[in-house]
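Have a look at the structure below before the remarks.
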Amino acid sequence: MDFSSVQGKVVIVTGATRGIGEAIAKIFGEHGMKVACAARSEKQGEAVARSIVENGGEAIFIKTDCGKKEDIKALVAKTVEAFGRLDGIVNNAGIGMGGIPLHEYDDEDYDKIFDINSKGIFIGMKYAAEAIFKSRSEGGFIINIASIAGIMPQRGQALYTATKHGVVGMTKSAALDYAPYNITVNAICPGYTKTTIFGDAPDAALDMFAKDCPAGRMGNSEECAYLALFLASGMARYITGAAIPVDGALSAGHQNVSSWRHPEILTGASLNSGSTIAALMENDTSRAIVDKYLPGFSANEQAKQAYGMTFGAIAPMFGLPAETVKKMLDELDNM
Ligand SMILES: NC(=O)c1ccc[n+]([C@@H]2O[C@H](COP(=O)([O-])OP(=O)(O)OC[C@H]3O[C@@H](n4cnc5c(N)ncnc54)[C@H](O)[C@@H]3O)[C@@H](O)[C@H]2O)c1
């Protein structure tokens with residue numbers, strides 16, 4: 001793909017010190033964009049900007065708290081001062097919060113998360129849009145990092161879900177405002193993506209996220225970053241007002257039971273614990289592993305109902321101790 005259309009474009013990336021924002025800033029820098037990396041931590045922000053410059057790109061760090069209107073206003077002004085113009089912004093900075101039912105949140109929680117995930121995005125869009133207009137950008141763009149929680153509500157995440165639904169709504173409304181002026185506005189909706197937003201979540205929890213996802217794994221930041229690069233490019237000028245999931249089909253729908261009539265098409269070197277049971281049953285080695293832990297499984301008619309699923313998703317139903325299930329999945333991974 002030819003990304004030369006992004007060369008020389010001036011862009012702000014908020015929350016650029018780590019995770020998805022860092023990946024976007026670096027991939028933009030690699031492709032010749034002039035990047036203003038915005039974040040609170042001077043040390044980490046300077047390091048990201050420096051690494052872009054060391055790789056032959058152009059980047060500056062601008063210390064910004066995206067929970068503060070004046071900081072965001074100054075961020076846009078300083079970017080224009082440094083690079084002479086603005087073509088786009090990626091409103092990425094955001095915080096997670098959750099895992100509790102709605103009534104257990106405090107109203108301070110509401111203010112905290114809305115200040116950054118919602119108001120911060122609005123202010124970023126507002127001042128960036130003005131600067132993009134003033135720059136007479138040909139191919140201006142606004143990219144908001146929402147979440148699958150912006151299109152598919154999450155249990156225990158009432159406030160986070162509300163902010164991300166708001167981001168998707170703002171994105172679509174602003175796309176209507178700016179479409180006549182050739183400024184695109186889109187939202188990227190990451191699914192479970194391995195970044196520090198998961199904090200100190202134990203490996204077992206990360207495993208659970210991977211298994212919950214139809215693709216059988218968590219995403220990585222670069223998978224969102226390449227979509228951002230495409231949306232910033234001349235190839236995506238007709239894509240606007242979209243909320244695009246990068247989530248291994250997590251938000252595509254409910255994972256129902258299905259069984260394949262011809263699972264033999266799935267067999268091959270890439271079998272592992274993320275493969276469907278149907279595919280594992282078609283392979284002598286994997287069938288032997290399953291039989292070792294679940295004697296008689298392959299001959300059990302009821303078990304066949306689950307052939308379209310993975311053992312990771314249904315293993316707890318067999319009543320095997322978690323440690324045994326883990327051993328079986330590890331063995332399947334090491335076939
Ligand atoms: N990782 C995921 O699974 C996931 C899934 C869906 C959506 N998202 C969204 O993607 C975006 C990036 O998340 P991530 O996973 O890279 O998280 P992360 O915690 O690794 O990075 C978040 C970045 O935002 C910055 N940030 C937070 N508050 C800020 C503030 N007040 N001012 C300036 N910067 C601030 C942090 O310093 C950091 O650079 C967030 O908006 C998040 O909601 C992430």
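The values are calculated or read from the model by the stated rules, or taken from the named source; none is laboratory data. The shown structure was predicted, so the numbers you read here are calculated from the model rather than taken from an experiment. Every residue, glycine as well, gets a Cβ built from its backbone with ideal geometry; the counts of neighbours run over all protein chains shown.
Could you look through segment 7-51, keep only residues that are in contact with a Cys (Cβ under 6 Å, 6 or more places away or on another chain) and of a type outside the set (A, V, I, L, M), and pick out the one that is farthest from the ligand (Cβ to nearest atom)? Among residues in segment 7-51 that are in contact with a Cys (Cβ under 6 Å, 6 or more places away or on another chain) and of a type outside the set (A, V, I, L, M), the one farthest from the ligand (Cβ to nearest atom) is 45.
Are any residues in segment 66-97 more than 11 Å from the ligand (Cβ to nearest atom) and farther than 25 Å from residue 137 by Cβ, and if so, which ones? Explain how you work it out, then say what you get.
Restricting attention to segment 66-97, the residues satisfying the condition of being more than 11 Å from the ligand (Cβ to nearest atom) are 69-70, 73-74, 76-89.
None; the set is empty.
Using the structure shown, decide if residue 34 is surrounded by 16 or more Cβ atoms within 10 Å (Cβ to Cβ) and of a type in the set (Lys, Arg). It is true that residue 34 is surrounded by 16 or more Cβ atoms within 10 Å (Cβ to Cβ) and of a type in the set (Lys, Arg). Scanning segment 1-54 for residues that are under 24 Å from residue 70 (Cβ atoms), polar (S, T, N, Q) and assigned to a helix (DSSP H, G or I) yields one hit, 44.
Test residue 76 against the stated conditions and say whether it is at pLDDT 95 or above, out of contact with any Pro (no Cβ under 9 Å at 6 or more places or on another chain), of a type in the set (A, V, I, L, M, F, W, C) and more than 16 Å from residue 14 (Cβ to Cβ).
On the way: at pLDDT 95 or above: yes; out of contact with any Pro (no Cβ under 9 Å at 6 or more places or on another chain): yes; of a type in the set (A, V, I, L, M, F, W, C): yes; more than 16 Å from residue 14 (Cβ to Cβ): no.
Answer is no for this residue.
When segment 121-156 is limited to residues that are within 20 Å of residue 67 (Cα to Cα) and in contact with a Phe, Trp or Tyr (Cβ under 9 Å, 6 or more places away or on another chain), the one that is surrounded by the fewest Cβ atoms within 10 Å (Cβ to Cβ) turns out to be 129. The residue of segment 187-207 that is farthest from residue 173 (Cα to Cα), among those that are within 10 Å of the ligand (Cβ to nearest atom) and modelled with pLDDT under 90, is 199.
Could you tell me whether any residue of segment 220-243 is near the ligand (Cβ under 10 Å from one of its atoms), outside any helix (DSSP H, G or I), at pLDDT 95 or above and in contact with a Leu (Cβ under 8 Å, 6 or more places away or on another chain)? No, there is no match, as no residue in segment 220-243 is near the ligand (Cβ under 10 Å from one of its atoms), outside any helix (DSSP H, G or I), at pLDDT 95 or above and in contact with a Leu (Cβ under 8 Å, 6 or more places away or on another chain). Among the residues making up segment 237-262, those that are over 18 Å from the mean Cα position of the chain (by Cα) and either surrounded by 19 or more Cβ atoms within 10 Å (Cβ to Cβ) or closer than 22 Å to residue 184 by Cβ (or both) are 237, 238, 239, 240. A single entry from 63, 112 fulfils the requirement of being within 11 Å of the ligand (Cβ to nearest atom), more than 30 Å from residue 212 (Cβ to Cβ) and surrounded by fewer than 17 Cβ atoms within 10 Å (Cβ to Cβ): 63.
Filtering 219, 248 for residues that are on the phi > 0 side of the Ramachandran plot and not β-branched (Val, Ile, Thr) leaves a single hit, 248.
Just one residue in the set 205, 215, 201 is of a type outside the set (S, T, N, Q), without any contact (Cβ under 8 Å) to a residue 24 or more places away in the chain and in a loop (DSSP other than H, G, I, E, B); that residue is 201.
Find the residue count for segment 4-50, including only residues that are among the aromatic types (Phe, Trp, Tyr) and touching a helix residue (DSSP H, G or I) at 6+ places or on another chain (Cβ under 6 Å).
Selection size over segment 4-50: 0.
Quick check on this structure: which one of 308, 274, 234 is within 29 Å of residue 189 (Cβ to Cβ) and in the same structural domain as residue 188 (by TED's automatic domain parsing)? Give the steps one after another, and end with the answer.
Details: 308 fails: in the same structural domain as residue 188 (by TED's automatic domain parsing); 274 fails: in the same structural domain as residue 188 (by TED's automatic domain parsing).
Step by step, each of 308, 274, 234 is checked, and only 234 is within 29 Å of residue 189 (Cβ to Cβ) and in the same structural domain as residue 188 (by TED's automatic domain parsing).
Return the residues of segment 300-332 that are in a loop (DSSP other than H, G, I, E, B) and of a type in the set (Asp, Glu); say none if nothing qualifies. Listed by number, the list holds a single entry, 301.
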